[in-house]
Structures are given as structure tokens and as C-alpha cells.
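Okay, structure first, notes after.
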Amino acid sequence: MRQAVLGLLALTVLRLVLAAYLPMAPDEDYYFLWAQHLQAGYFDHPPMVALWIKASTALIGNTPFGIRLFGPLAAALGSVLLWDAAEQLAPGRGIIAAALLNATLLIGAGAIIITPDTPLLFFWTAGLAACARLINSGNPRWWLAVGLAAGCMLLSKYTAPLFIAAVFLWLVTRAEGRRQLATPWPWAGTVLALLIFSPNIAWNAGHHWVSFLKQGGRVAGFDPVRAAQFFGELVGSQIGLGTPVIVALAALGLWRLRHDAAPGARLVLWLAVVPGAVLLEHVLSDRVQPNWVAILYPVACLAAAMLPAAWLARWLKPALGVGFAFTAIAYVQALAAPVPLPAALDTASQQLAGWHAVARTAMAGHPVFVTSSDYATMSVLAVDGPPGVIVAAFPNKWDWRWSYFGYKPAVPRGTFGIMVTKDPKMPCPDLLGTLTRSRGSERFTHYRLCGYVATESGVALPRP
């Protein structure tokens with residue numbers, strides 16, 4: 001036990017150091033901009049990630065470490081919650097479940113950065129732990145903790161209803177669960193979750209349900225060839241991010257639970273089956289992003305920890321060894337890129353490298369304003385660029401998401417500035433220069449710097 005606690009503390013310290021040292025990804029810059037304009041909802045997601053960033057930067061400052069502070073801390077506390085959940089459902093297996101979770105590459109990398117998945121995964125694990133306490137104690141007041149966790153999930157990301165649906169199906173498919181539904185406690189937890197989520201509902205109601213429609217309207221046509229490709233990408237990415245031995249143990253663990261009638265086993269299965277079915281349905285028409293699968297990891301690792309002791313004696317050390325080796329290689333590559341990978345394979349550099357140089361170069365001449373047609377580049381310019389230059393958004397022309405912040409006009413029509421674009425189809429009659437986002441000899445993105453005359457009034461994004 002003592003060694004496990006010390007190991008988790010050491011891992012958390014390492015993640016905090018990496019969070020402070022590694023450059024930020026464009027999406028992190030984007031969520032930092034949310035935190036400068038707190039509101040109950042945004043074009044893309046609910047506000048929890050912005051609330052976390054606002055709180056952490058108030059403590060530490062507007063630095064990468066300040067912005068990411070709660071990522072490593074949430075991973076550590078989430079590990080403790082999974083540990084507790086496993087102890088409630090399978091005594092003696094808590095350390096194993098937490099160790100397996102931390103050995104996955106997805107959690108190892110995701111714990112360093114801050115995205116909406118960060119609070120979602122934390123509160124998802126908290127909800128699992130509350131359900132486990134409910135099962136083990138029989139105290140119905142734990143439904144209030146489940147409702148609290150579910151409400152915070154809903155304020156984190158719109159995949160949270162999958163947790164609620166899984167718990168509901170767990171109840172209605174068991175006689176004891178149906179008896180619980182006849183009491184007020186599950187409904188009190190539901191009301192609590194909806195009360196917590198209600199500010200976001202109200203915000204969406206006042207903004208034409210924009211984020212509900214964006215996230216709920218992912219529709220694409222079915223193409224068997226593309227579906228096979230998307231399925232292959234999903235399986236391949238999860239073998240890599242979950243790491244091969246842990247993925248195999250998790251799959252075996254979930255498969256063995258299918259005939260286990262214990263309430264804890266049923267809960268674990270429903271929390272795997274419901275999100276898994278939705279993700280597989282999505283694969284039929286579109287690509288599943290690897291991070292979407294993160295909500296399956298806590299129950300998958302818990303299921304693996306519930307395997308027979310003889311199996312774990314044979315495979316636990318290889319699983320942890322391979323998993324932490326994958327993560328260590330990823331950390332070293334992100335820090336120093338010692339292996340000259342092709343740009344298409346160097347995921348860490350693709351996400352993190354070269355953005356600061358892009359912003360500094362694009363704004364080096366101190367134009368009146370700079371702008372871009374994509375939100376990621378806009379966010380990088382606003383957060384990483386030198387002070388004294390307006391980063392202007394033109395919501396009616398390029399990207400509607402900026403119109404939902406309520407920014408006031410700051411760039412009059414007719415003002416001359418610079419358009420930073422990676423779109424080769426973007427008209428650029430006044431080419432002022434080019435630049436390439438790179439890391440060493442790796443080249444990722446080519447940009448053109450185009451003279452641009454504002455054809456409408458633009459709004460200024462907040463600058464650190």
C-alpha cells in the first residue's frame with residue numbers, strides 16, 4: 001500500500017513537471033480563452049473546463065502550469081476514487097485497477113493536458129465510486145453523491161448522459177434495482193443532477209440550442225468501406241493508447257463478467273456496454289476520436305482487476321511494464337523528440353510543437369490586427385502572440401463560435417490587418433509572406449500571411 005501511494009505521488013509530480021514544461025496545444029489555448037469569459041455554455045461544450053482553468057490560473061497564474069494544474073491532480077484523485085470503487089466491488093483489487101489505469105498511454109498523456117475530457121473522466125470515476133459505495137453499503141443516500149457526480153459530468157461534456165443511461169439500465173434490468181426506483185432516492189439524485197446542469201440548459205435555450213445541436217447533430221452517410229476504415233482506426237488507436245496487454249486483459253475481464261449476476265459486475269458491464277455501443281454506432285458513419293473512448297477506461301481497468309488471481313499473477317507485471325514503457329517513450333518524445341519520426345507519426349509534436357513560433361512570426365511586424373479562418377490558429381495567436389496586437393474575430397464571415405461570447409466590436413470596417421491561413425483555397429491577393437510550423441526538420445503546417453481589409457466590424461479576443 002505504501003509503495004503504491006508513493007508511486008502515485010511520484011507519477012503526479014512527474015506529470016506536473018511535464019505540464020509546466022511542455023508547450024500548450026491549440027485546444028488548450030481555446031479553453032483558456034473560455035476561462036477569460038466565463039458563461040454557462042459555449043459553442044462546443046459545457047463550461048466545466050473553463051471553470052477549472054479559471055480556478056487554477058487564479059492560484060498559479062496564466063502559465064501552462066497554471067492552466068493545466070488540475071489535470072495531473074484530477075488524474076491522481078481519480079485514481080484514488082477508482083481504487084475505492086474496486087475495493088468496494090472486488091476487495092483487494094483496488095491497487096491493481098488504479099495501477100492499470102495509470103499505465104495506459106491515454107491516461108498518461110491525457111493527465112498532462114486540460115480539455116473537457118479531464119473533468120468528465122474525473123466525475124465519471126467519482127460517479128462509479130459513488131455507485132460502488134451504494135452497492136456495498138446499501139445506504140440510499142449515496143444516490144445524492146451519484147446525482148452530484150452526474151450533474152458535474154453534464155457540465156463537463158455532453159457524453160455524460162451515457163453514464164446516466166447505463167445506471168438506469170442497470171436498475172431496470174434487476175429486481176432490486178426496480179425496487180430502488182420505487183423509492184425517492186434515485187429520483188432525488190436525478191433532480192440534483194438536473195439542477196446542477198440547469199444553467200447550461202438555460203444558456204442553450206437562450207442561444208438557439210447551439211451546443212446541443214452541434215454535438216447531437218453529428219450525422220454522416222453510411223459507407224461500408226469507410227465504416228471498415230473507421231472501425232480499424234478505432235481498434236488500432238485503442239490498442240496503442242490502452243497498450244496491448246492492458247487492452248487484452250480488459251476485454252477478457254469484461255467478457256468474463258457477462259455471466260456474473262452480482263450487482264457490481266452488472267454495473268461495470270452496463271457502464272462499458274452503453275458507451276461502447278454508441279461509439280460503435282458512430283463508427284458506421286464517421287470517425288471516432290481516440291479521446292472519446294476515455295470514459296470506458298475506468299470500468300475496463302476495473303474489469304481487468306477482477307480477473308482470476310492466477311491470470312493476474314501471470315499477466316499483471318507485463319501489462320504494467322508495457323504500459324508504463326509506452327508512456328515513458330511518449331514523454332521523452334514529447335520533450336526532446338530523440339527519434340526522427342515522420343510528421344504523420346509524431347503525434348506529440350503535431351499537437352504541441354511550433355505554435356509559439358507561428359504566433360510570434362505572424363505578429364512580428366505589429367500589425368493593427370491579425371485574424372484567421374480557423375479557431376485553433378486564432379486561439380494560438382491570442383494566447384501565444386506578443387502583446388499590443390489585436391487578435392480579431394469576424395464571426396459573420398469565418399466562424400460563428402466567436403459570436404457566442406458577447407465580445408464587443410473593436411476593429412472597424414476597412415481596417416487593414418493580416419490573415420493567417422493554412423487553407424490553400426483561401427484567396428490571398430496580397431501575399432505578405434509564408435511560414436511553416438515545424439519542429440527541427442519535421443514540417444507540420446504551412447501558412448500564408450495575407451493582407452486583409454476588414455469587410456465588417458471585428459471583435460477582439462481576450463489576451464493574457
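Annotation: residue 280 carries an accessible surface of approximately 90 Å², with a 1.4 Å probe and no ligand, DNA or RNA atoms counted. At an R0 of 22 angstrom, the distance between the Cβ atoms of residue 329 and residue 6 translates into a FRET efficiency of 0.40.
For the full complex of protein chains and a 1.4 angstrom probe, list 282, 446 by accessible area with the highest value first.
Values: 282 25, 446 100 Å².
The ranking, largest first, comes out as 446, 282.
For a paramagnetic label modelled on residue 455 (point 7 Å from Cα along Cα→Cβ), amide N atoms under 18 Å away belong, within region 420-439, to 420-431.
What angle, in degrees between 0 and 90 and rounded to the nearest 10, separates the Cα long axis of helix 224-242 from the longest principal axis of the Cα atoms of the chain? Tilt relative to the chain: about 70 degrees.
Counting alpha carbon pairs within less than 8 Å and at least 6 residues apart, what relative contact order, in whole percent, applies to the chain? Don't skip to the end; give the middle numbers.
Values: 742 pairs, mean separation 73.2, N = 464.
Computed over the chain, the figure is 16 percent.
For the chain, which whole-number percentage of the solvent-accessible area (1.4 Å probe, protein heavy atoms only) is attributable to carbon and sulfur atoms?
On the way: 13680 of 20230 Å².
Looking at the chain in its full context, I get 68 percent from C and S.
Measuring r between the beta carbons of residue 413 and residue 239 and using R0 = 51 Å, the FRET efficiency lands at 0.45. Length, then width, then depth: along the principal axes, the Cα atoms of the chain run 69, 50, 50 Å.
Against the longest alpha carbon principal axis of the chain, how many degrees, from 0 to 90 and to the nearest 10, is the axis of helix 309-336 turned? That helix lies at roughly 10 degrees to the long axis.
What is the ratio of the Cα radius of gyration of region 301-435 to 2.2 N^0.38 Å, where N is its residue count, to two decimals?
Values: Rg = 22.7 Å, N = 135, 2.2 N^0.38 = 14.2 Å.
Here the answer is 1.60, to two decimals.
For residue 173 and residue 313, the difference between the fully extended length at 0.36 nm per residue and the C-alpha to C-alpha distance is 47.0 nm.
Measuring between their Cα centroids, region 266-337 and region 347-414 lie 36 Å from each other.
State which entries of 54/425; 54/422; 157/425; 54/157; 54/317 exceed 28 angstrom in Cα-Cα distance in the structure shown. Beyond 28 Å between Cα atoms: 54/425; 54/422; 157/425; 54/317.
Centroid-to-centroid, using Cα positions, region 428-464 and region 1-58 are 27 Å apart. According to the calculation over all Cα-Cα pairs in region 1-110, the P(r) per 5 Å bin from zero is 2, 12, 19, 19, 16, 13, 10, 6, 2, 0 %. Taking all protein chains together and rolling a 1.4 Å probe, residue 356 ends up with roughly 100 Å² accessible. Compared with the direct C-alpha span, the chain from residue 248 to residue 399 gains 50.1 nm at full extension, assuming 0.36 nm per residue.
For the chain, the solvent-accessible area of protein heavy atoms averages 44 Å² per residue (probe radius 1.4 Å; ligands and nucleic acids excluded). Gain on full extension, evaluated as 0.36 nm per residue between residue 374 and residue 39 minus their Cα-Cα distance, stands at 118.4 nm.
Please check the chain for the longest run free of trypsin sites (Lys or Arg not before Pro) that are loop-located per DSSP (anything but H, G, I, E, B) and have at most 10 other Cβ atoms within 10 Å. Walk me through the intermediate numbers first.
Details: sites that count: 218, 425.
Here the longest segment lacking exposed loop sites spans 1-217.
Taking Cα atoms only, the orientation of helix 26-35 departs from the longest principal axis of the chain by about 90 degrees. Within the chain, the cysteines lacking any other cysteine Cβ closer than 4.7 Å to their own Cβ are 131, 152, 301. Every helix of 4 or more DSSP H residues in the chain counts as -39500 (n - 2.57), and over all residues that averages to -19000 deg cm²/dmol at 222 nm.
The values are calculated or read from the model by the stated rules, or taken from the named source; none is laboratory data. Every value quoted in this text rests on a predicted model; they were computed, and no experiment measured them. Neighbour counts run over all protein chains shown; Cβ positions are idealised from the backbone, glycine included. Calculation scope for accessible area: heavy atoms of the full protein, side chains included, ligands and nucleic acids excluded. Shrake-Rupley method; radii C 1.70, N 1.55, O 1.52, S 1.80 Å.
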